[in-house]
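**Student:** Before we start, here is the structure in question, set down as structure tokens.
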Amino acid sequence: MKVVLVLLLAAFTWIGTFSTARAAVDWEEIKELSLEKPPLDIAASLNGDFIFVLVPGAVLVYGEKEDRPMNRIPLDQGFDRVTWSEKNKTLILTSTSSKTVKLLRLEEIYRLDVSGLPFKGGPDAPVTMVVFSDYQ
């Protein structure tokens, strides 16, 4: 009886060794960005809303659905690494050649379409304040 149990245990161990299942990887290309300059480094916000591409002399800021940069942050030459701090909304740039670190705090600007809504003041004012309220 012991011999049969040992043989069964050995058989299950042998079968388990050769029948490991592996999951396949499925992928889908979301977008491809064409750059004017070669990318040096890249970082992304944790929520995926922004992609920061460091190129010589600038950081290009792409949105999730943008094919062109939403913004271009000019930089001194020599920065070669970029990372994003979600907690402080800070872009951290480093330069190994000049031994410097530069911190840039970024603030999102939300554009709201207020055309056709009641407003006070001139329609071409440099600042627009939108108030959302609820009487309850």
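Nothing in this text is a laboratory measurement; each read-out follows from the coordinates by a stated rule. Bear in mind the structure is a predicted one, so any value in this text is a computation, not a measurement. Note: ideal-geometry Cβ built from the backbone for every residue, glycine included; neighbour counts use all protein chains shown.
**Student:** I'd like the FRET efficiency for Ser97 and Glu66, computed as 1/(1 + (r/R0)^6) with the beta carbon distance as r and R0 of 22 Å, rounded to 0.05.
**Tutor:** Approximately 0.10, to the nearest 0.05.
**Student:** Along each of the three principal axes of the Cα atoms of the stretch 23-125, give the extent in whole Å, ordering the values from largest to smallest.
**Tutor:** Result, largest extent first: 53, 45, 30 Å.
**Student:** If you don't mind, another one. Could you calculate the FRET efficiency of Phe132 with Asp76 from 1/(1 + (r/R0)^6), where r is the beta carbon distance between them and R0 is 41 Å, rounded to 0.05?
**Tutor:** 0.50
**Student:** Scan around Asp41 for amide H atoms under 5 Å from its own, H built in the peptide plane at 1.01 Å from N, and keep only partners 5 or more places away or cross-chain.
**Tutor:** Those lying under 5 Å, H to H, from Asp41 are Leu54.
**Student:** How large is ³J(HN,Hα), in whole Hz, for each residue of the stretch 84-100 in order, when computed from phi with the Karplus curve 6.51 cos²θ - 1.76 cosθ + 1.60 and θ = phi - 60°, using x for Gly and Pro?
**Tutor:** 10, 9, 5, 4, 9, 6, 10, 8, 10, 10, 10, 10, 6, 5, 9, 6, 10
**Student:** Oh, and also: If I take R0 = 35 Å and measure r between the Cβ atoms of Val114 and Lys89 in this structure, what FRET efficiency does the formula 1/(1 + (r/R0)^6) give, to the nearest 0.05?
**Tutor:** Rounded to the nearest 0.05, the efficiency is 0.85.
**Student:** Would you pull out the residues with amide H under 5 Å of Gly57's amide H, same chain only if 5 or more places away, H placed 1.01 Å from N?
**Tutor:** It is Gly78, Phe79, by chain and number.
**Student:** Find out how many positive minus negative residues lie around Thr96, taking Lys and Arg as positive, Asp and Glu as negative, among other residues whose Cβ is under 14 Å from that of Thr96.
**Tutor:** That works out to 0.
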